[in-house]
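Data first, discussion second: the structure below is written as structure tokens.
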Amino acid sequence: MATKKKATKVEEVVEPKMEFEDDPVEAVDPAPVQATEVLKPITLTCVECGQEFIISPAEQKFFAKMGYELPKRCIDCRDSNKKETTFTCVDCGAEFTMKGSELSFYKKCGFEVPKRCPSCRNFKKIRNERSKEAE
Ligand SMILES: [Zn+2]
Ligand SMILES: [Zn+2]
């Protein structure tokens, strides 16, 4: 216990100095600098499904850092664009995959989603071109 008392005595000598240094700093310390850095979550409406989604401050910082524009689609739509859907070719029965972004492209353009695998589609194309040449 005696040693502790000695220690506090030493601190007492140091403390007044620190208090003196702290006081003016606290009074001057400007908060606005921090406030501008604090980002708020942004609520956007998805251009694909019309659902509202939130871009967190961390995401905003990430997009700003990378020089990207803020996403126009919600996380679900962004995910489904990457997702692949498996279809079965009506001609040869082979399975082929289409990305969500491709499917939404077809829908947007008013095209029917292909029912044939890429090789059958190519084959049909070639045959059409050949039959045209033959005519
Ligand atoms: Zn969406
Ligand atoms: Zn096929």
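No value in this document is a laboratory result; all are computed from the given coordinates. Quick caveat, the model's predicted, so the values are computed rather than measured. In this analysis, Cβ positions are derived from the backbone assuming ideal geometry, glycine residues included, and neighbour counts consider all displayed protein chains.
Points to keep in mind about this one:
- Tally of residues being in contact with a helix residue (DSSP H, G or I) (Cβ under 9 Å, 6 or more places away or on another chain), more than 24 Å from D79 (Cα to Cα) and small (G, A, S) across segment 96-132: 0
- Considering the conditions (1) crowded, with 16+ Cβ neighbours inside 10 Å; (2) away from ligand 1 (no atom under 16 Å from the Cβ), E102 is excluded by exactly one of them, (1).
- Filter result for C74 (within 10 Å of the chain's Cα centre (by Cα) and either more than 15 Å from F105 (Cα to Cα) or among the hydroxyl-bearing types (S, T, Y) (or both)): yes
- Test: residue in segment 46-58 that is more than 10 Å from ligand 1 (Cβ to nearest atom) and touching a residue at least 24 places away in the same chain (Cβ under 8 Å): no
- Helices (runs of 4 or more DSSP H) wholly inside segment 57-135 containing at least 1 residues that are within 16 Å of ligand 2 (Cβ to nearest atom) and of a type in the set (F, W, Y): 118-134
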